[in-house]
Amino acid sequence: MKIAIIGAGFGGMAAAYDLRNAGHEVIIYESANYVGGLASGFKEPHWDWSVEKFYHHWFQSDSSMLGLIEELGFKDKVIFPRPYTVLLHNGKWYPFDSILKALLFPGLGFGLNKIRFGFVGLYLRLTNDWKSLEQYTADEWMRKYAGSEVYEKMWKPLLVGKFGPFYKDVNMAWMWARLKARTTRLGTFEGGFQKFADLFAEKLRDMGVEIRLGTQVKFIKRNQARPEQSQREKGLLIDAGGIIDSFDKALVTTSPNLMAKFAPDLPENYLKGLLELKSMGAVVMVLSLKHQLSKEGYYWFNLPKDAGYPMLALVEHTNFVSKEHFGGDHIVYAGDYLEVGHEYFSMSDEQLLERFMSALKRFNPEFSRDWVKKIWVNKTNYAQPVPLVNHSKNIPAIQTPIEGLYFASMSQVYPWDRGTNFAVEIGRRAARLMM
Ligand SMILES: Cc1cc2nc3c(=O)[nH]c(=O)nc-3n(C[C@H](O)[C@H](O)[C@H](O)COP(=O)(O)OP(=O)(O)OC[C@H]3O[C@@H](n4cnc5c(N)ncnc54)[C@H](O)[C@@H]3O)c2cc1C
């Protein structure tokens, strides 16, 4: 078969790998001039490693991604350091990324609340019945079983931070998946995620996959085959800025909104399903600093919205991987999940820096403007799908009603929280379906 894949993120590339291995002709269309999609990175001339535009790491439970890396022969390039994630209580930071650390966290006292927190955590770790949990919102389930105090202190900030105005609507299966799959050690690729994406793309090209960078797909249509048509005019037609090519099958890996735009011929109920899916965007600033921000060497600061920080997460990348890879620069991310239309999407980089500046002093009182060497601001409309109650019933099928047209996006990753691991899983699943 001749197959088109729209998107050279990890989902699209993983699908291409399996399809090409099975002997099919594969062409990937990618609108950007680089591969890697949301997990892509950038590099300053004096850096040896790239920095992801949006903070990224793997968990030890990311078996689809780690399995693929092993198949590709890059296993020895994956490292799993042990960085520290911290949580705020009474103006102080406490490590909070293991069961022991959670039990020692003073924020819940050491009485009934701690016991409820422990039992709920244990139950969620042990159960596999996420189908029952998806019938409830995390808000109602947690209030009932963990208690309002534990919920308000521990879980609500997480939901508010990730889902903003939708926080009360997110289902409990999302929370279950989040607790289930996380590990203390966090992984990355030597050289950064972009290095891995580039090596993967190189491998695909060696196998005979064509990757058309800087090529934006505008339209996908199934042509009704008529005998007088040439081979080129039959099948699925893909229009990339006026250049039309014909394929037996195509896989789209972009957001549901884009999919609906590409293929308006999809039946109304499938289109409606695509357009009803909710998601959040993200705005993330990367700063290179002259000095280390967290003197304690913390990697990830969870910032409750009601503590008055202008961002959700502050992540000191060089407390995860060494600053030596970045010519001695200290790399810090400051970011938030936001609804598209939030003022951060239209603010200039300088305005955003002004907004974040005062907060940076709260991590290190010595911080001053002249620590900042350079900033980069990355924005995306599509960063985090929002799974509502009974989401499993609303997930668009990978095989669409248009013959030969398939769709595999972050919004169909479920009950797990989206991530590169699940992009690989769904990409490979789509490839199997296509074959
Ligand atoms: C803030 C943030 C933090 C994250 N943190 C982590 C993390 O720590 N760990 C982790 O594993 N994952 C993380 N993720 C999620 C991870 O980045 C995604 O799950 C994964 O990259 C999705 O891969 P994908 O291939 O499904 O989609 P994408 O990477 O979005 O790929 C889709 C591709 O389609 C291309 N495209 C779009 N329109 C067109 C068009 N018209 N024509 C051609 N091409 C087009 C895009 O340019 C893109 O390259 C994070 C994401 C964000 C936003």
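Just one of the listed residues (289, 303) is in contact (Cβ under 8 Å) with a residue 12 or more places away in the chain, more than 14 Å from the ligand (Cβ to nearest atom) and under 21 Å from the mean Cα position of the chain (by Cα), and it is 303. For first residues located in segment 18-41 and farther than 21 Å from residue 410 by Cα, partners that are modelled with pLDDT under 95 and near the ligand (Cβ under 6 Å from one of its atoms) and lie 6+ apart or on another chain with Cβ distances below 9 Å do not occur. For segment 413-424, a residue qualifies if it is near the ligand (Cβ under 10 Å from one of its atoms) and either out of contact with any Lys or Arg (no Cβ under 9 Å at 6 or more places or on another chain) or farther than 23 Å from residue 131 by Cα (or both), and the qualifying residues are 413, 418, 419, 420, 421, 422, 423, 424. Among residues that are charged (D, E, K, R), part of a loop (DSSP other than H, G, I, E, B) and more than 13 Å from the ligand (Cβ to nearest atom), residue 48 is included. Restricting 144, 131 to residues that are surrounded by fewer than 21 Cβ atoms within 10 Å (Cβ to Cβ), touching a Ser or Thr at 6+ places or on another chain (Cβ under 8 Å) and either farther than 25 Å from residue 336 by Cα or at pLDDT 95 or above (or both) narrows the list to 131.
Filtering segment 392-425 to residues that are within 11 Å of residue 251 (Cα to Cα) and either in contact with a helix residue (DSSP H, G or I) (Cβ under 8 Å, 6 or more places away or on another chain) or crowded, with 21+ Cβ neighbours inside 10 Å (or both) leaves 398, 399, 400, 405, 406, 407, 408, 409.
In this entry, residue 196 passes the filter for residues that are of a type outside the set (Val, Ile, Thr), within 16 Å of the ligand (Cβ to nearest atom), over 25 Å from residue 123 (Cα atoms) and part of a helix (DSSP H, G or I).
You will find that of 150, 86, 120, the residue that is surrounded by 18 or more Cβ atoms within 10 Å (Cβ to Cβ) and more than 28 Å from residue 335 (Cα to Cα) is 120 and no other.
The values are calculated or read from the model by the stated rules, or taken from the named source; none is laboratory data. Here the structure is a predicted model, which is why all the values come from computation and not from measurement. A quick note on method: Cβ atoms are made from the backbone with ideal geometry, for glycine too, and the neighbour counts reach across all protein chains shown.
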